[in-house]
Amino acid sequence: MAANLVRKKRIGSISFAVALCLVGMGSVAHADDRAYMADSAGALGIVDLTTGIYTPISPASGRALSAGLGEANGSLYGGFLNSGILQKVSTSGATAGSLTAVGNGTTNPQFVDGLGSTTSGLYALDFYANLLSVDPITGVATQINLNPTGLSRVVSAYALSSGSSALYYAFNYCLYQLNTATGAPTMLGPLGGGDPADCNPNNKYLGLLTSPLQFFAMVEVGGTLYGVDSIQKIYKVNKSNGLATYWAQIVSPDNHTTPYPSNIWGLAPYFQTCTNLPIMVTGATPVYFSSLQSAFNGVASGVTIDIEGINFTENPNFNGNKAVTLKGGYDCDYVADSSYSKITGTLTISNGTVTVSNLIIH
């Protein structure tokens, strides 16, 4: 494996603290491969879809958002199985994970495991697989057409995608694209591969495919569609033919090796509104920077550079007779550092000493 860390003339030195992951050039990274994740215990957190590392932001509440997650207008929404009431989900601060009902939902059809979203709005499925358009302001769900999917809900697994440009529906073992104007489905293919003809209505819940695979949640991030199965494995999904390829295992936040213990009911693209620049140097008056290179150039020896848990596409060359510490994985407020920061590029240490923690280099 060719790591992207360069040291020149044996002048610079680097110390690895806590976690530094060097990823070969063959790896692929998006600008931000994270997603909000709701589990069957009612916990809310953030999962890195590249590594499977899960960071909790609220503990298990016992109120699982069993109808899934969706994102609209920079806000996170969820729903409960067999309830027509839309829930707005807080994602930050002391209220993270708390729910606020949007409207009273008394006239809405009941949502099932099928709340999702596209870049243009929220959608849901009712008990009879009717596609619903959901207003995130009023919570009103409008039936797009009577039983437009033609697909029975009486199957063992199904999920609507969230954050995608088009609306995808993982129905038992197969992937469909739903027309958001009519609800009509277009069969794309079996998730586990095989003959697309096996996705016909007569076979859809019989498990006749060569490699049956089912999803309980789907999300599109950075143009890539991801699905999660019943044992918390992440797959990348080909949006043309439905073929899913194993990518990572969602792991426990305690040790990053044990598979995550609860089922995943919902995924939605991660978003965060940050008022500060993504790099900070603490002091009597904090100083903020927009790049790792400008931060290194602008600080004195002995300081710690705090970095938000996002991706930086740059090739910093640290060439100065100074010792600095890079601490990655911070949130917007630079309070918690429970995630990872990423560099897509080459980190060169030409001079000085750099101590690194919670940083992934692609």
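No value in this document is a laboratory result; all are computed from the given coordinates. Nothing here was measured: the structure is a model prediction, and the numbers come from that model. Here the Cβ positions follow ideal geometry from the backbone for every residue, glycine too, while neighbour counts run over all protein chains shown.
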Task: Long-range tail of P(r) for segment 34-269 (Cα pairs > 25 Å, %) - done: 34
TODO: Quick one: which residues, 5+ away or cross-chain, put their amide H under 5 Å from the amide H of Gly68? H built at 1.01 Å from N.
DONE: Gly79, Leu115
Open item on the list: Need the full-extension length gain, Thr107 to Ser350, defined as separation in residues times 0.36 nm minus the C-alpha distance. One decimal, nm.
Closed with: 80.9 nm
Open item on the list: I need Cys199, Cys332, Cys174 ordered by Cβ neighbour count within 10 Å, fewest first.
Closed with: Cys332, Cys199, Cys174
Open item on the list: Apply the Karplus curve 6.51 cos²θ - 1.76 cosθ + 1.60, θ = phi - 60°, to the phi angles in segment 244-255 and return the couplings in whole Hz, x for Gly and Pro.
Closed with: 9, 10, 4, 10, 7, 9, 5, 10, 5, x, 6, 9
- [ ] Could you line up Val89, Val134, Val299 from fewest to most neighbouring Cβ atoms inside 10 Å?
- [x] Val299, Val89, Val134
- [ ] Give me the Kirkwood hydrodynamic radius of segment 288-362, using the inverse of the mean 1/r over all pairs of distinct Cα atoms, in Å to one decimal.
- [x] 12.2
Open item on the list: Sort 186-194, 255-263 by packing, meaning the average of other beta carbons within 10 Å per residue, with the highest value first.
Closed with: 186-194, 255-263
